[in-house]
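A.B. asks: First the structure, which I've put down as structure tokens, then a few questions once you've had a look.
Here, each number is a calculation from the coordinates, and none is a lab measurement. No experiment lies behind these values; they were computed from the predicted model shown. Cβ atoms come from the backbone with ideal geometry, glycine included; neighbour counts cover every protein chain shown.
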Amino acid sequence: MIHLDCKNLTKSLVELWIGNSKETEKLSKECMDSLKDEIHELREKIKQIKREVESNYLLPELLRDNGITSQDLLKLALYELSRRMYIFSGANISKERSNLKYMWVDLGFKKIIKAFCEDCYGYLSVQLDNGFIIMVDGVIYAEFFKTDENNAVDLILDTIKSRRGK
């Protein structure tokens, strides 16, 4: 059974995507804390098994023979993912407007918005005169040229609002 504290890793990935590091750090730490007691012993056991194996293709069989289950490997993977997300969470750079959490990246001529809309579902792809917007189940990536942050966010919000009316 996967620990309940790790069920929010999807949300944590989205929060990291939009630059909300405080939330990512909190959710990742919860998952790591719930798994840390089991992980050390599990890692040592796997390292020992890897030293004994003659060829990589024999590793799965040897892991099974030594009682390492798929669930154990999944716990190890979740721990490692949450650890890396925790490490990469840094300064909190996300912003929020209406129901849109976003990160504004100004690359000079090109501007990028990575965003998340909590109550947006489905697929959206819009080519604009000055860029494009792509959304898949609330995760948004948009690029704009020659515009400012407020206009870009307005375009995204207006596009989402116009698609909901259809």
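A.B. asks: Measure off 7 Å from each Cα along the Cα-to-Cβ vector at Asn150 and Glu118, then give the distance between these two points in nanometres to one decimal.
C.D. replies: If labels sit at Asn150 and Glu118, their model points lie 2.5 nm apart.
A.B. asks: May I have the extent of the alpha carbons of the stretch 1-88 along their three principal axes, as whole Å values ordered from largest to smallest?
C.D. replies: Result, largest extent first: 45, 22, 17 Å.
A.B. asks: Going by Cα centres, the stretch 16-44 and the stretch 57-77 are how many Å apart?
C.D. replies: For the stretch 16-44 versus the stretch 57-77, the Cα centre distance is 21 Å.
A.B. asks: Within the chain, which whole H helices from DSSP have a Cα span along their axis of at least 24 Å and a mean Kyte-Doolittle hydropathy of 0.0 or more, if any? The partial results should precede the final answer.
C.D. replies: Details: long enough: 21-52 (42 Å, -1.51); 70-88 (27 Å, 0.13).
Span-like helices in the chain: 70-88.
A.B. asks: Here's something else I'd like to know. Report ³J(HN,Hα) in whole Hz for each residue of the stretch 108-119, in order, from the Karplus equation J = 6.51 cos²θ - 1.76 cosθ + 1.60 where θ = phi - 60°; Gly and Pro get x.
C.D. replies: Values, residue by residue: x, 5, 9, 10, 10, 10, 10, 9, 9, 10, 4, 10 Hz.
A.B. asks: In percent, how large is the relative contact order of the chain, given Cα pairs closer than 8 Å and 6 or more residues apart?
C.D. replies: Working: 219 pairs, mean separation 32.4, N = 166.
Relative contact order of the chain: 20 percent.
A.B. asks: Here are a few candidate values for Rg/Rh (Cα atoms, Kirkwood Rh): (i) 1.08; (ii) 1.19; (iii) 1.14. Which one was actually calculated from the structure I just gave you?
C.D. replies: From the options (i) 1.08; (ii) 1.19; (iii) 1.14, the structure gives (iii).
A.B. asks: Still on this structure: Please report, in debye to the nearest 20, how large the charge dipole of the stretch 48-166 is about its Cα centre when each Lys and Arg carries +1 at its beta carbon and each Asp and Glu carries -1 there. All intermediate terms of the calculation are to be shown ahead of the outcome.
C.D. replies: On the way: 17 positive and 17 negative charges, 46 e Å.
Dipole magnitude for the stretch 48-166 comes out near 220 debye.
A.B. asks: Net charge within 10 Å of Ser94 by Cβ-Cβ distance, Lys/Arg positive one each and Asp/Glu negative one each, not counting Ser94 itself?
C.D. replies: +1
A.B. asks: What list do you get for Ile156, Ile93 if you sort them by fewest beta carbons within 10 Å?
C.D. replies: Numbers: Ile156 24, Ile93 13.
With the sparsest Cβ surroundings first, the list reads Ile93, Ile156.
A.B. asks: Related question: Taking every DSSP beta bridge with both residues inside the stretch 95-164, roughly what % is antiparallel (nearest 5)?
C.D. replies: The antiparallel fraction comes to roughly 100 percent.
A.B. asks: Before anything else, pin down the relative contact order of the stretch 95-164: Cα pairs under 8 Å, at least 6 apart, normalised by residue count, whole percent.
C.D. replies: Values: 113 pairs, mean separation 17.8, N = 70.
For the stretch 95-164, the relative contact order is 25 percent.
A.B. asks: Tell me the GluC sites (Glu not before Pro) within the stretch 19-68 that lie in a loop according to DSSP and have at most 10 other beta-carbon atoms within 10 Å.
C.D. replies: Working: sites: Glu23, Glu25, Glu30, Glu38, Glu41, Glu44, Glu52, Glu54, Glu61; in loops: Glu54.
Listed in order of number, the matching sites are Glu54.
A.B. asks: By the gyration tensor of its Cα atoms, with a ≥ b ≥ c the square roots of the eigenvalues, what is the shape of the stretch 120-166: rounded for a/c under 1.5, prolate for a/b over b/c, or oblate?
C.D. replies: Numbers: a/c = 1.92, a/b = 1.64, b/c = 1.17.
Prolate, because a/c is 1.5 or more and a/b exceeds b/c.
A.B. asks: Let me ask something else about it. If you stretched the chain out fully between Lys45 and Glu80, how much longer would it get, using 0.36 nm times the residue separation minus the C-alpha to C-alpha distance?
C.D. replies: Working: separation 35, 0.36 × 35 = 12.60 nm, distance 1.62 nm.
The span from Lys45 to Glu80 would gain 11.0 nm if fully extended.
A.B. asks: In the neighborhood of Ile112, defined by Cβ-to-Cβ distances under 14 Å, what is the net charge if each Lys or Arg adds +1 and each Asp or Glu adds -1? All intermediate terms of the calculation are to be shown ahead of the outcome.
C.D. replies: Details: positive: Lys95, Lys110, Lys111, Lys114, Lys146; negative: Asp106, Glu143, Asp148, Glu149.
Its environment carries a net charge of +1.
A.B. asks: Here's a follow-up. Which one, Met32, Asn20, Leu124, projects farthest toward the positive side of the charge dipole computed for the chain from Cβ point charges (K/R +1, D/E -1)?
C.D. replies: The Cα lying farthest towards the positive end belongs to Leu124.
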